[in-house]
Amino acid sequence: MKVYDGEDKILGRLATEVAQELLSGEDVRVVNAEKIFLTGDKIKILEDYKKKRERGKVRKGPYYPRRPERIFKRTVRGMLPYQQPRGRKAFKRLRAYIGVPKEFQGDEFLGEDVKTTETSRGLSLGEISKYLGAKF
């Protein structure tokens, strides 16, 4: 089992590394999902996520999550062949957490080679989630 720390990591880069690990058969855990970062124009990022959230119908979907760990999982799901059995099995091996659970406190985390960001331009998943109305 591999444990990644999402603090100040760029969403797409961390998600691709996690997706590759899942497809190779590893169990992956991601902690501090609310601190994963998206770079770019803050207003455009918030508009894009609001459009994703409002798309579709209440009864039919598509359903887009509000919570930061679920947004991360949805991003990884888009990088897997989710419609095939291999992709579904891989996706079930992923767990994401807000903060660091007791079982992982004091552990060493992977993902130091994943590019980090200066937090001057962009938003964290926690900020996006609060904008969408999540309570965590």
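Every read-out reported here was derived from the displayed coordinates using simple, explicitly stated rules and does not represent laboratory data. Quantities reported herein were computed from a predicted structural model and do not represent experimental measurements. We place every Cβ from the backbone using ideal geometry, glycine too, and count neighbours over all the protein chains shown.
So how do Tyr97, Tyr63, Tyr131 line up by other beta-carbon neighbours within 10 Å, fewest first?
Tyr63, Tyr131, Tyr97
Stretched out fully, how many nm does the piece from Arg55 to Tyr82 gain, at 0.36 nm a residue minus the Cα gap?
Here the answer is 7.7 nm.
Take the chain, connect every pair of alpha-carbon atoms lying under 10 Å apart with a spring to form a Gaussian network, then pick out the residue of Arg95, Arg59, Arg86 with the largest mean-square fluctuation.
Sorting by GNM fluctuation, first place goes to Arg59.
Where is the GNM fluctuation largest for the chain (alpha-carbon springs, 10 angstrom cutoff): Ile36, Ile98, Ile45?
Answer for the Gaussian network model of the chain: Ile45.
Less than 30 Å apart at the alpha-carbon level, and either on another chain or at least 8 residues along: which lysines does that give for Lys60?
Lys42, Lys44, Lys50, Lys51, Lys52, Lys73, Lys89, Lys92, Lys130, Lys135
Rank these for me by crowding, Arg55, Arg74, going from fewest to most other beta carbons within 10 Å.
Least to most surrounded, the residues fall as Arg55, Arg74.
Per residue, how big is the convex hull of the chain when only Cα atoms are used? Give it in Å³. Kindly include the intermediate steps, with their values, before the conclusion.
Numbers: hull volume 15.6 nm³, N = 136.
Dividing the Cα hull volume of the chain by its residues yields 115 Å³.
Can you tell me the relative contact order of the chain? Whole percent, Cα pairs under 8 Å, sequence separation 6 or more. Working shown, then result.
Values: 221 pairs, mean separation 56.7, N = 136.
Across the chain, relative contact order equals 42 percent.
Which one, Val58, Val30, Val100, has the greatest fluctuation when you compute a Gaussian network model over the chain with C-alpha springs under 10 angstrom?
Judging by the Gaussian network model, the answer is Val58.
Over all pairs of distinct alpha carbons, what does the Kirkwood formula give as the hydrodynamic radius of region 1-44, in Å?
11.2 Å
Once you place label points 7 Å from the Cα toward the Cβ at Asp8 and Phe104, how far apart are they in nm?
1.8 nm
Quick check for you: which residues of region 12-52 have the amide N under 19 Å from the point 7 Å beyond the Cα of Tyr131 toward its beta carbon?
12-13, 33-52
Just to confirm my numbers, what's the Cα centroid distance between region 1-37 and region 57-136 in Å?
Centre-to-centre (Cα) distance: 8 Å.
Stretch Glu47-Gln20 to full length: gain in nm at 0.36 nm per residue minus the Cα-Cα span?
Separation in residues times 0.36 nm, less the Cα-Cα distance, equals 6.8 nm.
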